[in-house]
Structures are given as C-alpha cells and as structure tokens.
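Beneath this line is the structure, given in structure tokens, with notes to follow.
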Amino acid sequence: MNTTFKTDIIGYGLFAALILFVVPWAFAFDGFELNTFARYLTLGMVAMALALSWGYAGVLNLGQAATFGLGSYVMAMHLKLRASASSYNGMPDFMGWTNVEVLPWFWEPFHSLTFTLVAGLALPALVAWLMAVFMFRGRVTGVFVAIITLAFLVALQLVFISEQRYTGGQNGLTGLAPLELFGWRADAYSTSFYYMVAGCLITALALGLAVVRSKVGLILRAIREDANRVRFFGYDVARYETLAFCVSAALAGWAGMLYVLVLEFASPTYMSVPFSLGIVIWCAVGGRESLVAAALGAVVVNMLEGRLSSIFVEGWFLFLGILFIVVVLVMPRGLYGLFSDAVQRLQTVSPRDRGGKVATKATPLSATPAVKEEN
Amino acid sequence: MGHLELHNLQVQFGGLRAVDGLNLSLEQGELRCLLGPNGAGKSTTLDLICGKTAASGGSVIFGGIDVTHMAEYQRARHGIGRKFQVPSVFKDLSVIENLEVARSQHPGVLASLRVFRSRLSGRMDEVLTIVGLHDHLHVKAGNLSHGQTQWLEIAMLLMQDCKLILMDEPTAGMTVQETLKTADIFNSLRGSHTMLVVEHDMSFVRVIAEQVTVMDQGKLLAQGTVAEIERDPKVRQAYLGDEETADAAS
C-alpha cells in the first residue's frame, strides 16, 4: 500500500540476512571477531531506539545513554550476585571494601533471573515515563527536551559514580559471572552468543517497525510536523510522545543488558555524555527516518572507529566530530536520505509515476495555482 | 437550547479585549456565517470554541456540555472540528496518510497500535469522491496545488466527521469554480453538521448562509439574514466608517 513500507521491509530483510548469514561467514565463525561485531549490533540497537523517538516523534533524547546504562547495570547486578554467591553474606566484593554489612534491599530481587530480565526493560521504561509525564504534559518541546534529557543523564551518572558502596563507583561492576538462560551458558566469545545478540536485534527491530508502521507511527510523524493540528483531531499528543519515549527507553535498556554480556562488565562510562552524543551521531549518519538505517549507521561508524582508532589513537573523536558536521551540512537525512532520494529520482523517470509532477498536472482543479485574494 | 451556545464569552490579550461578552447560539444543523471588519474577534471566537485559546470569562456550551475548561483534544473528541485560515495539512504526509490522521474516531494510543493499513472503502471512498483526490492518494501533501490543498483540508474535516465544524475563510485563495464547489459541499453538509464559518467573500456568503452574525470590536453587532444585514446601518458604519462612504459604495 505504501512505498516506504516496502522499502522498510526489504531493508529489514536484507539487514537480517546480513547479520545472520553474511557476517558470521565473513568472520569465518571466529568467536573473537564475532564478539566485536556483537558489540556493534548492541550499539545498533540503541541507535535504532533513538531513531524511534527522534526520527519519528521528533523528540531528541540526548540522554539515551541513561536508559542504556540502567539496562546494563540491571544485568550486571544479577551477574555480580551470581559471581558473589560464595563470598561473605553473598555480597559483591566492592561492598566489603566500603564496609557495607548486609546486601542492600534493592540488590535482593536481582537474584532472580526473571526479575532481572523484566526489570532491564521495565526500569528504563519507568524512568522514561516519569520524565515523559513532566515533559510532554507540560508541552516541553524541541531543544528543551534535549537539555532536560542531557541534564538527567549527567545527574544519573554522578549518582552511579558517587554511590560507590552500592554501584561500584567509577570502577563499575566487574568480575561478573556468565549468564545462564534455560540451561544455556552465555559465552561472549562463542558463535551461539553472537546469534543470540543478532536475534535480539532482529526481534527488537521487528517490534520497533510494528510500532512505527502502525497508525501510532503515522500520528507521531504528524505530531513532528504540527502537534497542535493533531490535537484538534482529538489525539492526546502527550500520550503518543510518551509511548514513543518509553518504547525507545525499553529498547535501549535491552541493548544495555546485551552490552554487559558482550563486554562482561558494566561501567559508568556507559552513561557518559560523549557516549550518549555518539548515539545521536550514529543515528544521524545512518538516517533517523528509518530504524534499520539508524542501526546500520551505528554498525558502520563503530566499525570505522574500530579500524581508525587503532591507527590514530587520540584522533578518533576529532574524526567523529568532523563526520557529524559533514553529515549535518551535506546530508541532513543521513545515508538513508541519500538512498531514498535516489530511489525517488528513479521513480520520477519511470512513466508509471504516481507521485511526481505528472500526476499533479492531471487534475482539472489546479490549472493555475490561485492567487490569494486580499481580505 | 442550541447545539452550540456562547454565554458572555470573554478573552483579553494584555489590555485588549479581543472578545468582549459575546453571546451566540447555533441550532443543530445550522450554517452560520460570522462577519466583521478586521480585528473584530472572529478568528479569536473560533479559537475560544475549539480550545486553542483559553477564555478569561464566560462559557462555551456544546451539545449541552460545558467545554470551556477542556483541552483541545477533549473538545475534538466531543465533536468540535476546526479548519484554519492557513492551510494546515501535514505536508510531509501523503494525501491518504493525512486522511488517516483525520479518521480520528478512535484516537487512543492502543487503538492506533492495532491499525496497520488505511481502509479505502466506506467513508474514505465517499470523501475522496466528493473532493476528487482519488488520483493523488500517494502524493505528498506538500506537492499539491493550492486549490487541492484546500480540498484536502475539507476532506480531512469530512473524514473527522465532527458535529460542529469551525471554518476560517475556507475559500481564501480559491478560484471561482472551486468556491462554487465548496459552496455545494457546505450545502450538502447542512442539516447533518452544525457549521460556523468566518468569511469575507460576500458572494459566497449569499450562496451559503441563512443566518449571519456580525461582530465588531469583540461584541455582537447584528444578526439576521444576509439581506437584513446588508441594510443594517450599524453594520455599514462598522465596515465603512461613515454613512456617506456607505452610500457611495452601495
């Protein structure tokens, strides 16, 4: 019914085939190489989550890393408890160093795997919901959303660093046990682990696509263009924005959980400002109008980083900054924008065109664009 | 009791009373034209009814319900629709997507999560036939001509199927032919929909209006048929300043 829908589905299929078949084959099923790539995929997932709120709803969340970080700590807390089962009071080692006597109450539920998996999605979503209620009910828009989310990110990171007794502080949570899921032991350097991560990304993309292809996605695009007009049709704009913001946060939390499994530690740097702005850049490079493109953007930029940062150790951030400026100036819609413009140009050339100039001319009502009369 | 009633409606912007103690009553299915010189408070009155502007006094009763303190989207759910002076279609969305947004009988988030394609049958088909946009379903609204954009907006209003339609200069920028077609559409909506239309084009007003309300400086100046209004000396004074120029103009 819709051309962009077709592009989305084809792009999605190709992307799934790429990460499921081509990538493992290209790396000769080598666990170490695939672990690196699994890391790119989790970053692709968080970029995709940002595209959902930024690209569709026009809500620029500069603090996307906050929900990502929350997800990662949730997973890390569970794994840390498993690793600390034999230590004093079942407490993580760093708590002993800071004279904590008993396991804090909020650590207790993370003994349960089910609770952990649910919390990894629900906690970021809940936090996002609280922010969303304040922001969107109050009709905060544009740059102010960016400032609020960024401020929240900074505050959250400060809390995690300063509460060393409970969070491991600057060191984060290290020395984690491997995850055990239905008797399967997650070994970050195995091919099966890579497939688990790829499967998660494909599932998350499908969920995201379902949301943006439903009427919700349409209303979000309408809100991005003219929120007031949408209100006059009876839609509660704040609720739609809240939904996009919370789904985005839950997906980012999911990506955060995977990230801990890939790197086998959690660190407050996951909530750092440079990391969060990096997500925005990946998303912009790929193209925020498409979830698949945003994910691909993250993978491409991080692969580049992997190659280039080994050559210019300190120069990478400079390169990233220049890349962002170039993208904003030359292709504000990212790689996806270049691609969709090219497709449109091809369609305009074909005679079966329904969208271009040919169709507009055919109407009897638009012989001459009428001049607006004076009152 | 009328379908829409305004009681002593007031709003102030700074020291200016844009609408000052306005009383108005519209019957179910009536088409009322709202006239008045520039700055008379016509558009502001529409803003007050649809909730774009909050009233500083008085009340808006619609269908027996006091909607004075409701948010825009709640009023829209009660059946108040608004067409703006500036064509305000969604330029980045295609014609059919615009109409799908306008099909807002189930505006909840959960209801929207379950809709994946636009049904072209039924109401959508009727509306497209009325406005003649069948061949442009997938054209981006930003690429339509001015006239077509106006049609799309009217189509969106029809799609929304609101009980009360508020229109601000619906024929602005239209050709004579398009204006006539618009008049036809309005006449066919009469009876099933209550309409309040702000319009300057008197030839158009003569075709569509039974009752006309004239405002001046935020107050109700006169009310009656087109012929009565045109004879009313107060109206001539308000529009043309003094009797002499009024005579010269007629």
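Taken together, the values in this text are just the output of simple stated rules run on the coordinates, not laboratory data. Owing to the predicted nature of the structure, the values given are computational and were not obtained by experimental measurement. Virtual Cβ from ideal backbone geometry, glycine too; neighbours counted across all protein chains shown.
With a/c under 1.5 counting as rounded, go ahead and sort segment A:153-268 into rounded, prolate or oblate using the C-alpha gyration tensor (a ≥ b ≥ c being the square roots of the eigenvalues; past the cut-off, prolate if a/b is larger than b/c, else oblate). List each step's numbers first, then the result.
Details: a/c = 4.14, a/b = 1.63, b/c = 2.55.
In terms of gyration-tensor shape, oblate.
When B:Met202, A:Met271, B:Met159 are ordered from fewest to most other Cβ atoms inside 10 Å of their Cβ, what list results? Write out the running numbers ahead of the final one.
On the way: B:Met202 15, A:Met271 28, B:Met159 24.
Arranged by neighbour count, lowest to highest, B:Met202, A:Met271, B:Met159 become B:Met202, B:Met159, A:Met271.
Compute the Cα gyration tensor for segment A:3-269, then decide on rounded, prolate or oblate, letting a ≥ b ≥ c be the square roots of its eigenvalues: rounded whenever a/c is under 1.5, prolate when a/b is larger than b/c in the other cases, and oblate in all that remain.
On the way: a/c = 2.47, a/b = 1.30, b/c = 1.91.
In terms of gyration-tensor shape, oblate.
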Checklist line | Euclidean distance between Cα centres, segment A:253-321 to segment A:148-227, Å | finding: 13
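Of B:Lys52/B:Lys219; B:Lys52/B:Lys140; B:Lys42/B:Lys163; A:Lys6/A:Lys215; B:Lys42/B:Lys219, which sit over 18 Å apart, Cα to Cα?
Working: B:Lys52/B:Lys219 20 Å; B:Lys52/B:Lys140 27 Å; B:Lys42/B:Lys163 20 Å; A:Lys6/A:Lys215 16 Å; B:Lys42/B:Lys219 10 Å.
Exceeds cut-off: B:Lys52/B:Lys219; B:Lys52/B:Lys140; B:Lys42/B:Lys163.
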Notebook entry, point to check: Of all trypsin sites (Lys or Arg not before Pro) in segment B:38-98, which ones are in loop regions per DSSP and have a Cβ with at most 10 other Cβ atoms within 10 Å?
Noted result: none
Notebook entry, point to check: How would you classify segment A:1-128 from its alpha-carbon gyration tensor, with a ≥ b ≥ c the square roots of the eigenvalues: rounded for a/c under 1.5, else prolate if a/b is greater than b/c, otherwise oblate?
Noted result: oblate
Check: How large is the helix-only mean residue ellipticity at 222 nm for the protein assembly as shown, computed as the sum of -39500 (n - 2.57) over DSSP H runs with n ≥ 4, divided by its residue count, in deg cm²/dmol to the nearest 500?
Finding: -17500 deg cm²/dmol
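Per-residue mean of other chain beta-carbon atoms within 10 angstrom of the beta-carbon, peptide B:162-174?
On the way: counts 3, 0, 0, 0, 1, 0, 0, 3, 0, 2, 5, 5, 4.
The mean count of partner-chain Cβ atoms within 10 Å per residue comes to 2.
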Item checked: Cut-off 13 Å, label 7 Å out along Cα→Cβ of A:Ser190, residues of segment A:20-47 by amide N -> A:31
Next item on the list: Express the C-alpha Rg of the protein assembly as shown as a ratio against the empirical globular expectation 2.2 N^0.38 Å, rounded to two decimals.
Entry: 1.17
Next item on the list: Find the all-direction average of the projected area of the Cα convex hull for segment A:180-248, expressing the result in square nanometres with one decimal place.
Entry: 6.1
Check: Which ordering of B:Val235, A:Val328 is given by a fewest-first count of other beta-carbon atoms within 10 Å?
Finding: A:Val328, B:Val235
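Give me D for chain B in µm² s⁻¹, whole number, from Stokes-Einstein with Rh from the Kirkwood sum over alpha-carbon pairs, 20 °C and 1.002 mPa s.
On the way: Rh = 19.1 Å.
Value of D from the Cα-based Kirkwood radius: 112 µm²/s.
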Next item on the list: Mind giving me the nanometre distance, one decimal, between the label points for A:Phe312 and B:His69, set 7 Å out from Cα along Cα→Cβ?
Entry: 6.2
